[in-house]
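Undergrad: This is the structure I have questions about; it appears just below.
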Amino acid sequence: MTTLSVRIGESMAGSTRKLLASLSPPQLASAGKQALLPLIGILLFLGFWHLAAPQVQTSLGAFPGPAQVWEQAGQLWQEHANQRQRADKFVLMQEERNARILADNPDAEVRIRSYPGAPTFIDQIGTSLVTVLAGFALATLIAVPLGILFGLNPYFQAAVNPLIQIFKPVSPLAWLPLVTMVVSATYVSDDPMFQKSFLTSMITVTLCSLWPTLINTSVGVAAVNPDLLNVSKVLKLSFWTHVRKVVLPSSVPMIFTGLRVSLGIAWMVLIAAEMLAQSPGLGKFVWDEFQNGSSQSLSRIMAAVLAIGFIGFLLDRVMLLIQKKVAWNE
Amino acid sequence: MAKSHLELTGVEMAFDTAKGPFIALENVDLKIQKGEFVSLIGHSGCGKSTVLNIVAGLLQASKGGCVLDGHEVNSPGPERAVVFQNHALMPWLTVYENVELAVRQVFRKSMSRQERKDWITHNLELVNMAHAANKRPGEISGGMAQRVGIARALAMKPSVLLMDEPFGALDALTRAHLQDSLMDIQQELNNTVIMITHDVDEAVLLSDRIIMMTNGPAATVGEDLYIDLPRPRNRVALADDARYVRYRQEVLSFLYEKQRKLESLSTRRSGKASAQESGGQAVKQVSA
């Protein structure tokens, strides 16, 4: 393994040298800024990680290096593929069996059960994504209209500002027990549309992530160019037209800045909430692996850490893309 | 011309400040006839913008009032369209959409969709901006944006067009070009216009009448000068015209001899303080 990575390192250094030689200085500067420097940064990090990891001894063995984590990531994907295969087989067999029963007796009641296997790493990612997007959407639905209201009315703003300042810095871990108890007590239904664990995580995410959007929206709304407000007055725009045609478009850039911060917070909060609440998702995956304590656990947790980081990065990129579509100043 | 079109009577404007009320305007009386082009000129801080904002309805006079065609003005409305100094176009709308916002609001009921469309295009053509209809304000020059601002105001078919230093932020060449356009448009539409300006040449060239305001605080109408020059006017030909030179001389002497600003430090500071007032905001007390 070591010789292999050394050889890879050598060949990479060689090709980098060739690349450097073929470029003229200005080209090099621009290409370097765009692709080369980040690549060098990542390679240096991997090298450091590779060298430093074996030095750290834990009760579960040495801290995993990049190679072990890569191997476990492949393993996690393989487990998911296998599980998926089994699930398909299960569904197929169930359908065949039900068809047979119905052929014998058309009035028979057939049961359709979902595949009982444990959720894989990929399934957990899906659950986490759905939860974070639901929580973030709810936060946006609350924060944007409230922010507009606060921004339009300075009295309202002054009245509510202390509350915002107090609730904004609260950690998700502090909210979680309260949310859990309230959801358990109030969401009682024989045929629940959502799982309680989903609701608990989602509401916690909402509570922690709505503040940046709320604050930025109200600041953006309060900062509309006074000339444009005068135009609106001269035109005698109705309240709703004023909000729709002047206030909202004018504050879209600020709102999006808030939304991006909110989404970042939502994703961080969600992992913590899932870990503590044992609700399905990436957080639970990490916690389960920690409890499992096998020799591969640390590698698998590290793979999850990287996945969490990468997904957070992608979420922000998606928001940036939407912002570029929607905002007029981009 | 028995009854005036627009009439300001005994207008006083006081702003509340931390150190008590600040009287910006006092006893402003002004009668303006239909189709007149009136310039308001005066040093900064003399309350020109306050007068304009009172006519626009954006500010309420503390005493006295403004009557347009027999109706008292107490709120803003499209019949008193305003052209702002910095165009005040919505940066997220295209040139066409900016005019459309105004046209749809004012003529929603009285014009069909097609009529509105033609009317918007007509007004953009009037200011020579039809070619940039689909551009955003950020993509065109300041002079072009100001043209669009004028088109938007004209498209409201206002009975009075109010212009707050419309060319103040433009370079000299662009300004001259826009002044000529404005004269052509005025010739064609015969609008009543009230324009604020700092520029003596601009005032004499464009106006039928120049209202010169005394220095604030408690500013009022100082002199009222009728400019009797034939239209269309040509800036190059007028430069040598004896009457033009005399009118120009009169305004200059009002501004720099009769109403000369005392250039001591305290008044200069007060000039700055009351310049803020022209933006319609609260003013700090001016030291006497």
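Undergrad: Considering only strands (runs of 3 or more DSSP E) fully contained in the stretch B:1-94, which possess at least 2 residues that are free of Cβ contacts under 8 Å to residues at least 60 places away in the same chain?
TA: Ranges flagged: B:6-17, B:20-32, B:63-68.
Undergrad: Could you list, in sequence order, the residues of the stretch B:112-127 that are aliphatic (A, V, I, L, M) and part of a helix (DSSP H, G or I)?
TA: Hits for the stretch B:112-127 are B:Ile120, B:Leu124, B:Leu126.
Undergrad: Only one residue in A:Val234, A:Val252, A:Val269, A:Val243 is within 14 Å of chain B (Cβ to nearest Cβ), surrounded by 23 or more Cβ atoms within 10 Å (Cβ to Cβ) and at pLDDT 90 or above, so which one is that?
TA: A:Val234
Undergrad: Which residues, counting only those in the stretch B:139-162, are within 11 Å of B:Met129 (Cα to Cα) and part of a loop (DSSP other than H, G, I, E, B)?
TA: If the condition is that a residue be within 11 Å of B:Met129 (Cα to Cα) and part of a loop (DSSP other than H, G, I, E, B), then B:Ile140 is the only one that fits.
Undergrad: Looking at (1) closer than 30 Å to B:Leu25 by Cα; (2) within 11 Å of chain A (Cβ to nearest Cβ); (3) surrounded by 19 or more Cβ atoms within 10 Å (Cβ to Cβ), which is the one condition that is false for B:Ile54?
TA: Checking B:Ile54 against (1) closer than 30 Å to B:Leu25 by Cα; (2) within 11 Å of chain A (Cβ to nearest Cβ); (3) surrounded by 19 or more Cβ atoms within 10 Å (Cβ to Cβ), the one that fails is (2).
Undergrad: How many residues are within 24 Å of B:Asn128 (Cα to Cα) and either in contact with a Ser or Thr (Cβ under 6 Å, 6 or more places away or on another chain) or more than 11 Å from every other protein chain (Cβ to nearest Cβ) (or both) if we restrict to the stretch B:79-111?
TA: 6
Undergrad: Among the candidates B:Ser39, B:Ser62, B:Ser112, which residue alone is over 18 Å from the mean Cα position of the chain (by Cα), within 30 Å of B:Ala130 (Cα to Cα) and not basic (Lys, Arg)?
TA: Going through B:Ser39, B:Ser62, B:Ser112 in turn, the sole match is B:Ser112.
Undergrad: Could you pull out the residue among B:Lys109, B:Lys135 that is modelled with pLDDT under 95, in a loop (DSSP other than H, G, I, E, B), over 25 Å from A:Val243 (Cβ atoms) and among the basic types (Lys, Arg)?
TA: B:Lys135 is the lone residue from the list that is modelled with pLDDT under 95, in a loop (DSSP other than H, G, I, E, B), over 25 Å from A:Val243 (Cβ atoms) and among the basic types (Lys, Arg).
Undergrad: Just to check your reading of the model, which residue among A:Thr213, A:Thr217 is more than 14 Å from chain B (Cβ to nearest Cβ), buried (at least 24 other Cβ atoms within 10 Å of the Cβ), closer than 16 Å to A:Leu146 by Cβ and in contact with a Leu (Cβ under 7 Å, 6 or more places away or on another chain)?
TA: The unique qualifying residue is A:Thr213.
Undergrad: How many residues are assigned to a helix (DSSP H, G or I) and more than 7 Å from every other protein chain (Cβ to nearest Cβ) when one looks only at the stretch A:220-231?
TA: 5
Undergrad: Just one of (1) over 30 Å from B:Phe254 (Cβ atoms); (2) away from chain A (no Cβ under 14 Å) trips up B:Pro76, so point out which.
TA: (2) is the only condition that B:Pro76 fails.
Undergrad: In contact (Cβ under 8 Å) with a residue 24 or more places away in the chain, at negative phi and not assigned by TED's automatic domain parsing to the domain that holds A:Ser295: is that true of A:Leu92 in this structure?
TA: No.
Undergrad: If we scan the stretch A:187-207, do we find a residue that is closer than 21 Å to A:Phe150 by Cβ and either at pLDDT below 95 or part of a helix (DSSP H, G or I) (or both)?
TA: yes
Undergrad: With respect to B:Arg136, is the statement that it is free of Cβ contacts under 8 Å to residues at least 40 places away in the same chain, more than 30 Å from B:Val11 (Cβ to Cβ) and out of contact with any helix residue (DSSP H, G or I) (no Cβ under 7 Å at 6 or more places or on another chain) true?
TA: In short, no.
Undergrad: Being over 27 Å from A:Phe121 (Cβ atoms) and in contact (Cβ under 8 Å) with a residue 60 or more places away in the chain: is that true of A:Val247 here?
TA: When the stated conditions are applied, A:Val247 passes them.
Undergrad: Whether any residue in the stretch B:172-186 is in a loop (DSSP other than H, G, I, E, B) and under 22 Å from A:Asn230 (Cβ atoms) is what I want to check.
TA: The answer is no; no qualifying residue exists.
Undergrad: Right, here's the next one. Any residue at all in the stretch B:14-30 that is within 14 Å of another protein chain (Cβ to nearest Cβ) and at negative phi?
TA: Within the stretch B:14-30, not a single residue is within 14 Å of another protein chain (Cβ to nearest Cβ) and at negative phi.
The values are calculated or read from the model by the stated rules, or taken from the named source; none is laboratory data. Just so you know, these numbers come straight off a predicted model, no measurement behind them. Glycine gets a Cβ as well: all are built from the backbone with ideal geometry, and neighbour counts include every protein chain shown.
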